[in-house]
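Nothing in this text is a laboratory measurement; each read-out follows from the coordinates by a stated rule. This one's a predicted model, so the numbers in the text were calculated from it and none came from an experiment. All Cβ positions, even for glycine, are placed from backbone atoms using ideal geometry, and neighbour counts span all protein chains on display.
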Amino acid sequence: MGSWKNPILLLTGIGISYLGSWLYLVALNISILDLTGSAAAVAGLYIIRPIAVLITNTWSGSVIDRANKRKLMIATDVIRGLLVFIIPFTNSLWLIYFIMLLINIAGAFFGPSSTVYITKLVPEENRKRFNSIMSMTASGAFLLGPAIAGALIMVAGTDICIIINAISFIICAFFIYLLPNVDEAKAEGREPIRLKTLVEDWKAVRNFVVGAKFFIVVYLLYQSATLIGFALDPQEVTFIKKFLGLSTRDYGLIVSITGIGALAGSSVAAMVSKKIPLKLYLGGGMLLSSVGYLAFYSSFNFLTATAAFVFLGFFMAFATTGYATFFQNKVPVELMGRFASVAEMAQGGIQIGLTLLVGFFAEWFTLQFVCIAFSVAGLFLSASLFAAIIMPSRAGFFKEKAQSIAS
C-alpha cells in the first residue's frame, strides 16, 4: 500500500477540485442567466475554452516539457483559485468572460502537466488501476456536484458555490505541494521560449508521429470515434425533449442515472484492472461505447433511452481508462506535454467542425436520422480500432509491465 500513498494524495486533491468545478459550473450558469437574462450569454461561456486552447496550445507544451510539473500544477491551481474568487464580486458580463478566459488559459497548462506528472509518479503496472479510480472520482463528482450545488443555491445563493470552487483549487494545490518532485533537476539558465524553440518542438512532435505509425493509427481511430461522440452530445437534450417528447425533469433523471452507470463502470474497471488486458479496455470499451450512442439515438421512449445511456456510461469508463493508460505508456514522457498540447488544439478545431456539421445536417434531415448516421460512422471507426488492436501481430505492443512480471 506504500506505493499508493502519493497517488492517493493526488487523487484526493484532484477529486476535491472536480467536485468544486461542478458546483462552480452549475452556479455560474445560473449566475450569468440571472445577471443577463440571456441564454446566448450562458452559451458564450462554452466557447471560451476553445478560444483559450487556440491562444495557448501552440506554445504551452514547450513550457510544460521544460518546467517543473509539480510547481507548474501548484501555480496554475493557485492562479485559478484566485481568479475564480473574484467572479462573485463583479457584475460585468465581459469582465467575467475575461476572467474565465484567464482561468482556461491556466487550465490549459494543468491538464497536460498532470498527465506527465502522473506518468512519472505512478508505476506502469499501476497506471490502469489509477486511471480507473481517477475516472471513478470524476463520475462521483459528476453525481454529487450538481446535487450539492442545487441545495447550496437554494439556501445561500450562487456566490457560495463559486467561492467553494476557488477554495477547492487551493486545497488541490496544497495536496500537490505534499507530493514529491518527480522531475530531474534543471540546469540554471533555462533556454527562453522563442519562435525557433517552438519550430524545433513542432519538428520533434512531427518526428515522433512519423516514427510511431501504429500508435498514431490507434490514436487517430480512437480520437475520431470520440470526437464524433462529442459532436453528438449537444444534440441529446433536443433529441430527448423534442423527438422523444420527454420533460426537462426526465432529462435530468436520465443524466443522473447515466452518472451512476459511469460510476459503476469505473468501479468495475478499477477492480478488474489486473485481469483484463489494456487492449480490451481501449478497443472493447470504445466499441461498446459507440454501440451505446447508436442505441441511444435509436431509442423510442424513456426506458430505452435510459438503458442506452447507462450502457454508454458504463463502457465509456473502460474506454477512457484504456486510452489514458495507453497514452501514458506509449508517448515519451519528455515529449508528452508538447504532443498533448498540439493534439488537443487539432482536436478542438475538428470538434467544432463536426458539431457544426451535425447541426447543419439536422436542418436538412431529421435529427434522429443524422445522429444515427454519425453514430454508425463512430461505430465503424471503433470497430476498425478494435480490429487493429486485437491483431495477434500487435499483442506485444499492448503488453503491460505487470504481465511481464507475472510471466
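For this structure, a couple of remarks:
- Taking a ≥ b ≥ c as the square roots of the eigenvalues of the Cα gyration tensor, an a/c ratio of 1.5 or more together with a/b larger than b/c marks region 298-338 as prolate.
- Among Ala173, Ala156, Ala204, residue whose mean-square fluctuation peaks in a GNM of the chain (springs only between Cα atoms under 10 Å): Ala156
- Shown for Val333, Val210, Val53: other C-beta atoms within 10 Å of each C-beta, ranked fewest to most, produce the order Val210, Val333, Val53.
- Prolate/oblate/rounded label for region 303-386 (Cα gyration tensor, a/c 1.5): oblate
- Cα shape, the chain, gyration tensor, a/c 1.5 rule: rounded
- Between Ile216 and Thr36, the simple spin-label model (points 7 angstrom out along Cα→Cβ) gives 4.1 nm.
- Sites excluded, GluC sites (Glu not before Pro) in DSSP loops with at most 10 other C-beta within 10 Å, longest stretch of the chain: 189-407
- With a Förster radius of 30 Å applied to the beta-carbon distance between Trp202 and Thr238, the computed FRET efficiency rounds to 0.15.
- Comparing mean-square fluctuations of Phe311, Phe89, Phe215 from a GNM of the chain with C-alpha springs under 10 Å, the top value falls on Phe89.
- Measuring gaps between exposed loop sites in the chain (trypsin sites (Lys or Arg not before Pro); DSSP loop; at most 16 other Cβ atoms within 10 Å), the longest gap, sites not included, is 1-185.
- With a Förster radius of 25 Å applied to the beta-carbon distance between Trp4 and Lys275, the computed FRET efficiency rounds to 0.85.
- Magnitude of the charge dipole for region 1-179, about its Cα centre and with charges confined to Cβ atoms of Lys, Arg (+1) and Asp, Glu (-1), is about 580 debye.
- Length gained on full extension, Leu144 to Ser393: 85.2 nm, using 0.36 nm per residue less the C-alpha separation.
- Label point distance in nm, Leu45-Thr90, each placed 7 Å from Cα along Cα→Cβ: 1.5
- Compared with the direct C-alpha span, the chain from Asp250 to Phe365 gains 38.8 nm at full extension, assuming 0.36 nm per residue.
- Centroid-to-centroid separation of region 139-186 and region 195-215 [C-alpha atoms, Å]: 35
- Net charge over other residues, Cβ less than 14 angstrom from the Cβ of Phe109 (K, R count +1; D, E count -1): +4
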